[in-house]
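Participant: Sharing a structure with you now.
The values are calculated or read from the model by the stated rules, or taken from the named source; none is laboratory data. All figures in this text were calculated on a predicted structure; none of them were measured in a lab. Note: ideal-geometry Cβ built from the backbone for every residue, glycine included; neighbour counts use all protein chains shown. Surface areas here come from the heavy atoms of the whole protein model, side chains and all, with no ligands, DNA or RNA. Shrake-Rupley method; radii C 1.70, N 1.55, O 1.52, S 1.80 Å.
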Amino acid sequence: MTEHGNRHIGPQREYRAVCFDLDGTLLPMDIQEFLGSYFKSLTEFIAQRGADPQLLKKALNAGTHAMTLNQGPQTNEQVYWSTFMDVMERHAPEQERRTLEQWQELFTEFYETRFDAVGRNSEPSLAMVRAVKTLAEKNYPLLLTTMPLFPPVAVKLRLGWAGIDADLFSRLTQYENSTAAKPSLRYYAENLASMGVDGSEVLMVGNNTVEDLAFCKLGADAYLVTDYLLDPVGLDLATVKHGSAQEFADWVDALPVCAHPVEYVCTGPVDSQLTDQVLGACGCLSPEELKAAEEEAAAAARFNQKVAGELAPTPVQ
């Protein structure tokens, strides 16, 4: 292994696919500021249409929290709406109640008309834009393995904020096609199953030492982009390839052309049996390891809520 300045970069090698995190990696953004603006905008939009802001916030938090703990087989979308509707149906006054279809229409209207304003002033990272284009030109299949808590339209808009064409990616994780969330091993196994490859054939590029490096437990290699580093565990960065966005782009320039790219990537939900097979092949299906994975996912969810300035949702009685 070699050093470049103070950055541990490692030798060049070929991968069969490259997976990218979005927030803080491809999209240079302060996650606390973004989440604060997002929830504020969404709450105001829905409240203007007659919903109780405090009850709405409770339902949003509960639904989001449920997705972060999901371990399948339901999709994150199904888990979200089930939890959201449970809170609303039990506590909204009769005259303020809406059907699931009515709530979904309101949220769709928000994402299609208001969400873009939340990140419209974001400044893309030219280095990351260059790195993605270079990888695509070198024939590397690209997957956006972002936290899958948003609908597809929101994920594509956020890529637009980053100045990156969504069509460059073979798979975009979002709440419709995912049955788990970072740092659950099931989330990463699901993405490996979508490609039909071993973890050792994949590079994960991220900025979070817990959420993104969890992929390494399934054999993936990793590169940490440190411009917006999130390190809740105090990781020794010398143990992983890392560097600034500019250094990552330079590192990508030296990668060989991908001679053996993944041949097919599933864009939709993945058969849960295939995900189980990946976990089994990695020895990750023992009760002890699954429990540890669930506990790690819960810890990450609490950390995310702390960063966002939100407390874990109090169960509604």
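Participant: Just one of (1) among the hydrophobic types (A, V, I, L, M, F, W, C); (2) over 16 Å from the mean Cα position of the chain (by Cα); (3) outside any helix (DSSP H, G or I) trips up Ala193, so point out which.
Facilitator: With respect to (1) among the hydrophobic types (A, V, I, L, M, F, W, C); (2) over 16 Å from the mean Cα position of the chain (by Cα); (3) outside any helix (DSSP H, G or I), Ala193 is out only on (3).
Participant: Let me ask something additional. Which count do you get for residues in the range 24-49 that are within 24 Å of Ala92 (Cβ to Cβ) and open to solvent by 40 Å² or more (accessible area, probe 1.4 Å)? Steps first, please.
Facilitator: So in the range 24-49, the residues within 24 Å of Ala92 (Cβ to Cβ) come out as 38-49.
Going one step further and asking which of them are open to solvent by 40 Å² or more (accessible area, probe 1.4 Å), we end up with 40, 44, 48-49.
Qualifying residue count, the range 24-49: 4.
Participant: Identify, from the list Asp23, Asp30, the residue that is modelled with pLDDT of 90 or more and under 15 Å from Gly119 (Cβ atoms). Quick ask: steps written out before the conclusion?
Facilitator: Working: Asp30 fails: modelled with pLDDT of 90 or more.
Going through Asp23, Asp30 in turn, just one is modelled with pLDDT of 90 or more and under 15 Å from Gly119 (Cβ atoms): Asp23.
Participant: Here is a follow-up. Quick one: which of Glu211, Glu201, Glu176, Glu190 is more than 24 Å from Tyr264 (Cα to Cα) and either acidic (Asp, Glu) or without any contact (Cβ under 8 Å) to a residue 12 or more places away in the chain (or both)? It would help to see each step written out before you state the result.
Facilitator: Values: Glu201 fails: more than 24 Å from Tyr264 (Cα to Cα); Glu176 fails: more than 24 Å from Tyr264 (Cα to Cα); Glu190 fails: more than 24 Å from Tyr264 (Cα to Cα).
It is Glu211.
Participant: Here's a follow-up. Being surrounded by fewer than 16 Cβ atoms within 10 Å (Cβ to Cβ) and among the β-branched types (Val, Ile, Thr) is the filter; apply it to the range 222-258 and report the residue that is farthest from the chain's Cα centre (by Cα).
Facilitator: Val257
Participant: Regarding Val132, is this residue open to solvent by less than 20 Å² (accessible area, probe 1.4 Å) and either of a type in the set (Ser, Thr, Tyr) or under 14 Å from the mean Cα position of the chain (by Cα) (or both)?
Facilitator: Numbers: open to solvent by less than 20 Å² (accessible area, probe 1.4 Å): yes; either of a type in the set (Ser, Thr, Tyr) or under 14 Å from the mean Cα position of the chain (by Cα) (or both): no.
When the stated conditions are applied, Val132 does not pass them.
Participant: Would you mind stating whether Val205 is of a type in the set (Val, Ile, Thr), in a loop (DSSP other than H, G, I, E, B) and within 24 Å of Met147 (Cα to Cα)? Steps first, please.
Facilitator: Details: of a type in the set (Val, Ile, Thr): yes; in a loop (DSSP other than H, G, I, E, B): no; within 24 Å of Met147 (Cα to Cα): yes.
When the stated conditions are applied, Val205 does not pass them.
Participant: Another one. For Asn121, all conditions in the list (1) over 14 Å from Leu60 (Cα atoms); (2) surrounded by fewer than 14 Cβ atoms within 10 Å (Cβ to Cβ); (3) at pLDDT 95 or above hold save one; what is the number of the exception?
Facilitator: (3)
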